[in-house]
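J.: Dropping a structure here in structure tokens format, bear with me for questions.
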Amino acid sequence: MAYGPFVLLICLGGPLLLRTARDGKGASEDIRAPHRAAMALGACGLLTALFCELAYVRDLFAPTPLARMNTVFKLYSFAWLLLALASARWIESLLGPARRTLDFRRWAGRAVVALVLGAALVYPVCGTAAWLRGRAIESERHEGAARAALLPGADAEALFRARFPGDAAAAAFVARSAAEGESLVEETGEPYTWSSRISTFSGVPSVLGWGNHEAIWRGGWDEIQRRTADIAFVYTHPGTEEGCDRLRRFGASWIVAGGLERQQYGPSVDDLAGLARPVFASAGTEVYSVDDVCARATR
């Protein structure tokens, strides 16, 4: 569905485009230059797509059937864009100038354009319908503002505010309060969940986000596992000298204590309240300053 229109355009319109190019050999530079630009863009797009058949970036998917997929995802996006830019000029050539009478080549060119446009509409129509069906199914699991955030589209920030009002307020506080270069500590967990939500919605980096994504791009799990253990220790032994040493090693300035932290690390998260007053609190989510929590670090 994504590349079919380009295949149709090249296979069906190619002969007509070549004929047009031959007829225009004696044309001025102003006419030939756009054709050369379109050919260059198309060639670059094709080479970008073909590159994935020869090489790929080795990551943690290398031993699996998904070995090439991250490379394919990235390069095919560029290939699609380059082919789309080239196609604009090719379609213009197939349509030709407006005339009262059309020769066979013009009729054929316009028929090719109609087929290409019809093929290009398959994905927007079918993809949008499937996406809307998925949103409708997902919205049935929620009520009120959370449901409204899912229909007719998917407003992630509205859904975040509806489902986790305390976390959303904390993210807004961190966003306006954190200085450049500061980072925070929060729950780290599975991908495609609300894990690392404060960092996501505040723009302030966390010590660790979605571990598997970090492992893929960094080529291994060693550092991810160390940081996962460090974060767990900070929450299960709050205010201890060792926990504070780990916080300082990462340069963290903020500690988040919300529902996800309590669910992941247990009741010890509430011990933070006995060590310092939160700098922000809303709907069961608190944000603490590392300096305040570690002011009286104990062994």
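The values are calculated or read from the model by the stated rules, or taken from the named source; none is laboratory data. Keep in mind that this is a model prediction, so the values were computed, not measured. Cβ: placed from backbone, ideal geometry, glycine included. Neighbour counts: every protein chain shown.
J.: For residues that are of a type in the set (Phe, Trp, Tyr) and at pLDDT 90 or above, scanning just the range 163-192, find the one that is farthest from Val207 (Cα to Cα).
T.: Step by step, filter the range 163-192, then rank; the result is Phe164.
J.: Within the range 87-109, can one find any residue that is polar (S, T, N, Q), in a loop (DSSP other than H, G, I, E, B), free of Cβ contacts under 8 Å to residues at least 12 places away in the same chain and on the phi < 0 side of the Ramachandran plot?
T.: yes
J.: With Ala136, Ala148, Ala111 as the choices, which residue is surrounded by 11 or more Cβ atoms within 10 Å (Cβ to Cβ) and closer than 17 Å to Ile10 by Cα?
T.: Just a single option satisfies the conditions, and that option is Ala111.
J.: Looking at the range 59-84, which of its residues are in contact (Cβ under 8 Å) with a residue 40 or more places away in the chain and within 17 Å of Ile216 (Cβ to Cβ)?
T.: Asp59, Leu60, Phe61, Asn70, listed by residue number.
J.: Which ones in the range 15-32 are part of a helix (DSSP H, G or I), modelled with pLDDT under 80 and surrounded by 11 or more Cβ atoms within 10 Å (Cβ to Cβ)?
T.: Leu16, Leu17, Arg19, Thr20, Ala21, Arg32
J.: Something else about it: Under 9 Å by Cβ, and 6 or more places apart or on different chains, what pairs join a residue from the range 138-162 that is at pLDDT 75 or above with one that is aromatic (Phe, Trp, Tyr)?
T.: Once the first residue is at pLDDT 75 or above and sits in the range 138-162, its partners that are aromatic (Phe, Trp, Tyr) give Ala156/Phe201; Glu157/Phe201; Phe160/Trp194; Phe160/Phe201.
J.: Need a quick list: helices (runs of 4 or more DSSP H) entirely within the range 168-262 having at least 2 residues that are surrounded by fewer than 19 Cβ atoms within 10 Å (Cβ to Cβ) and either within 17 Å of the chain's Cα centre (by Cα) or assigned by TED's automatic domain parsing to the domain that holds Pro278 (or both).
T.: Helices (runs of 4 or more DSSP H) meeting the threshold: 211-218, 222-236, 241-250.
J.: Pick from Leu60, Leu75, Leu83: which is crowded, with 17+ Cβ neighbours inside 10 Å and either in the same structural domain as Gly219 (by TED's automatic domain parsing) or at pLDDT below 85 (or both)?
T.: None of the other options fit; the residue is Leu60.
J.: Looking only at the range 274-299, which residues are surrounded by 15 or more Cβ atoms within 10 Å (Cβ to Cβ) and in a helix (DSSP H, G or I)?
T.: Within the range 274-299, Val290, Asp292, Val293 meet the criteria.
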